[in-house]
Amino acid sequence: MLHTDLTPGRTVIIEGRSCLFFSGFSYLGLHQHPDFKAVLTAGIEQYGTLFPSSRAGNVRLSLFAEAEHSLSTLLQQQAAVVFSSGYMAAQAAVHYAATRGELCYAPGAHPSLWHHTPQLPDISYHEWTDATISKVNSAPDNTYVIVADAVNPLTSTINSFDWLRQLERRTLVLIDDSHGIGILGPQGQGIIHFLPGTDHLHYLITASMAKAFSLEAGVVAGNAADIAALKRSSFFTGSTPMMPANAYAWLHAQPLIQQLRRQLQQNIAFFLHLTADTPVHNPHALPIFVLPQNESQPPLAAYLAERDVIISSFPYPFPHSSPVNRAIISALHVQKDMITLQHFLSEVGFR
């Protein structure tokens, strides 16, 4: 267990040592970018640190509606609603989805999407899709709601949804795109860029805005009727709104966000080049590089930490499981950081 007294950026201070930081998320590195911090500070100066009322109250802040319109446009949906966190957004979405049909969970669905404690399928994603197609097509319209993640950040994979074209019944599809929004698609619109459009499907997209955009907030986007229903739910009316300064920063930092998306893409391409023909796993050019542990070598995370390089490493899916080692590339990294990481990886067989 490592401790720090400062928020990491491209580096982190551990026991007085400056270490390269390839862990966490904040893929665009906005949380430590001076221009973004200046925009957020301007938002605090104008709006303070919170909006002291329910969004269902009789005095409402127009800034939230502006942010929701911007997000619905990005996510190519009719409407959107923002919450104080990604978890709150996902819980609001799945509790609403449970009123629209029986929840049909994909294997490994993130806990933020759990309605109570579901029994997740203990089969492969491919086996699950085959079974789900048969199940949905053998029932009336709107019997089931499909619940899945867009991206698996532990395996650095984008889940395929082409199989949805085979559904013949009207179906709501709820997808958590926390690790896709801001990353996937030409404009950072996320998984919606890859989802099939058919007369039988409509989507409800939920996402944390922290993973890419460094904002403590969550969003749900979908059909106008679904979003209107969410705005009548207790998750919306009974919760504290997102910090207004975060909404302000979202609206005013778009040029910087696009600039850092381009930088992130360049960094991913560079590290993919450095790790080509090695055991490093990243099939979909995500900012997440999986580093298999060579059992004949010392524990990788400890080996790198001794050389002032910190990666993500923790047991999964159980506390007694082997650690999942990953290097997270952000827009903050420079080429010498990635060259240093690859140099040490090559010393332990990643070559």
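Every number here is computed from the coordinates shown, using simple stated rules; none is lab data. The model shown is predicted, which means the values in this text are computed figures rather than measured ones. Every residue, glycine as well, gets a Cβ built from its backbone with ideal geometry; the counts of neighbours run over all protein chains shown.
Some observations on this one:
- Cα shape, the range 1-133, gyration tensor, a/c 1.5 rule: oblate
- Here the range 167-230 carries DSSP beta bridges of which approximately 45% are antiparallel, counting only pairs with both residues inside.
- Sum of side-chain charges, SER134 neighbourhood, beta-carbon under 12 Å (Lys, Arg +1; Asp, Glu -1): -1
- Computed extension gain for ASP199 through LEU2, at 0.36 nm per residue and net of the alpha carbon distance, reaches 65.9 nm.
- Shape call, the range 51-242: gyration tensor on alpha carbons, a/c limit 1.5: prolate
- Mean separation of Cα contacts under 8 Å (6+ apart) over length of the range 124-215, as relative contact order %: 27
- CD proxy at 222 nm, helix term only [per DSSP H run n ≥ 4: -39500 (n - 2.57); per residue of the chain; nearest 500]: -10000 deg cm²/dmol
- Formal net charge of residues neighbouring THR99 (Cβ-Cβ distance under 12 Å; K, R +1; D, E -1): 0
- Peptide ranges 184-191, 205-212, 42-49, 165-172 listed from the most packed, as the mean C-beta count within 10 angstrom indicates: 205-212, 184-191, 165-172, 42-49
- Each label point was placed 7 Å from the Cα along the Cα-to-Cβ direction; for HIS115 and GLN266 their separation is 4.6 nm.
- Shape of the range 196-347 from the C-alpha gyration tensor: prolate (a/c of 1.5 or more and a/b above b/c, with a ≥ b ≥ c the square roots of its eigenvalues).
- Counted over the chain with a bin width of 10 Å, the fraction of Cα pairs per bin, in whole percents, is 5, 24, 31, 26, 13, 2, 0.
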